[in-house]
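Reading through the structure tokens given below for one structure.
Taken together, the values in this text are just the output of simple stated rules run on the coordinates, not laboratory data. Remember, it's a predicted structure, so these values are computed and weren't measured experimentally. As a convention, Cβ positions derive from the backbone with ideal geometry for all residues, glycine included, and neighbour counts pool all protein chains shown.
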Amino acid sequence: MRKMLSSGVCTSTIQLPGKVAVVTGANTGIGKETAKELAQRGARVYLACRDVQKGELVAREIQIVTGNQQVLVRKLDLADTKSIRAFAKDFLAEEKHLHILINNAGVMMCPYSKTADGFEMHMGVNHLGHFLLTHLLLEKLKESAPSRVVNVSSLAHHLGRIHFHNLQGEKFYSAGLAYCHSKLANILFTQELARRLKGSGVTTYSVHPGTVNSELVRHSSFMKWMWWLFSFFIKTPQEGAQTSLYCALTEGLEILSGHHFSDCRVAWVSAQARNETIARRLWDVSCDLLGIPMD
Ligand SMILES: NC(=O)C1=CN([C@@H]2O[C@H](COP(=O)(O)OP(=O)(O)OC[C@H]3O[C@@H](n4cnc5c(N)ncnc54)[C@H](OP(=O)(O)O)[C@@H]3O)[C@@H](O)[C@H]2O)C=CC1
Ligand SMILES: CC1=C(/C=C/C(C)=C/C=C/C(C)=C/C=O)C(C)(C)CCC1
């Protein structure tokens, strides 16, 4: 039963010397294990973390375990567009290439709060922060093609809805649902990005990592208790990283750009998540909120 609940292994043997990867939220949980595996395969890996000190400890650990010294930490707070722009500016000045971008960082069930720019925290960090980051790094990804963007979403997107009249949760707010809405936004973003990037050599995938023992439940005592109670049945962060790695590394996956994956297989998404009109509108609204010129 333990095996069944944690199925899905990235079996690609591809090595990554000379490749450059960025993993957001790489100081713990799924992101840390994803970064470790990319480093193990020889990539230069940027750990994009809001807490640089935590990041440095993890970078050192990964360097020791993998023997790869090219594990670098850079400050990225997805709850602040100034921090996102500063991260991108420095990265673009520093690096010639970007082959793999893993938009992994996330918050779940936080009490109602806003980012530095006034966005509801789940939508702001999980969707808008990664939307802006991807936009700022897109030319570099195109220049480095073939390249990939992996967006870590969730099965929880099934409960999500994009309420355009209440995108910032000001009219009504539920911490649980706010997370689900933001994870639906991750999938809609992936699909629209795939449509716009057709023929560019940049492909993109959304992922459900499984139910994973991590710090994601930090804001909910009930979820913490559930995770503790069922810890035997849920995935380890290393198991949770497999589908992100599968989408980043598997050869021949280009034709499935825009698809959603779980347990290293294509997975079904909700009706809203397949709605092109909503995806296009969310793209435009996101550009508008972030001051990105619409094309
Ligand atoms: N665990 C699970 O069961 C599931 C997880 N997921 C998704 O997987 C992804 C990884 O989550 P998981 O590893 O489980 O959770 P963790 O809480 O262990 O890791 C989340 C990471 O995101 C970072 N982060 C949070 N807010 C910000 C911010 N404002 N700026 C930059 N980084 C930030 C955290 O940094 P810090 O340590 O400083 O807080 C941490 O590194 C998330 O997108 C989550 O939604 C999806 C389905 C299930
Ligand atoms: C009922 C039940 C479980 C609960 C699963 C839940 C509640 C999953 C929530 C996932 C989330 C919140 C994903 C985040 O994106 C376990 C622990 C698998 C053990 C078997 C019984």
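Some points to look at:
- All Cα pairs of the range 36-181, percent lying beyond 20 Å: 53 percent
- 10 Å-binned pair-distance histogram of the range 138-254 (Cα, whole percent): 13, 34, 32, 19, 3
- Listed residues LYS198, LYS183, LYS75, most fluctuating in the chain (Gaussian network, C-alpha, under 10 Å): LYS198
- Relative contact order (%) - the chain, alpha-carbon pairs under 8 angstrom, separation at least six: 21 percent
- What the pair-distance distribution of the range 16-290 shows, using all Cα-Cα distances binned every 10 Å from zero, is 7, 32, 40, 19, 2, 0 percent.
- Hz values of 3J(HN,Hα) by residue in the range 217-228 - Karplus curve (6.51, -1.76, 1.60), Gly and Pro given as x: 7, 4, 8, 10, 5, 4, 5, 4, 5, 4, 4, 5
- Packing-based exposure ordering (other Cβ within 10 Å, fewest first) of ILE102, ILE62, ILE255: ILE255, ILE62, ILE102
- Neighbour cut-off at most 12 other Cβ (10 Å), DSSP loop, chymotrypsin sites (Phe, Trp or Tyr not before Pro), the range 168-227: PHE172
- Its convex hull of Cα atoms gives the range 201-295 a direction-averaged projected area, equal to a quarter of the hull surface, of 8.7 nm².
- Loop chymotrypsin sites (Phe, Trp or Tyr not before Pro), the range 235-270, which have at most 12 other Cβ atoms in a 10 Å radius of their Cβ (DSSP): TRP268
- Highest-first arrangement of 231-242, 148-159, where packing means the average Cβ count within 10 Å: 148-159, 231-242
- Euclidean distance between Cα centres, the range 58-74 to the range 203-217, Å: 22 Å
- Pairwise Cα distances in the range 192-241 exceed 18 Å in 49 percent of cases.
- In terms of packing, defined here as the mean over residues of other Cβ atoms within 10 angstrom, the peptides 91-98, 47-54, 26-33 line up highest first as 26-33, 47-54, 91-98.
- Put the Cα centre of the range 94-133 next to the Cα centre of the range 236-295 and the gap is 14 Å.
- Remark: spin-label model distance HIS135-PHE232 equals 4.9 nm, labels positioned 7 Å along the Cα→Cβ axis.
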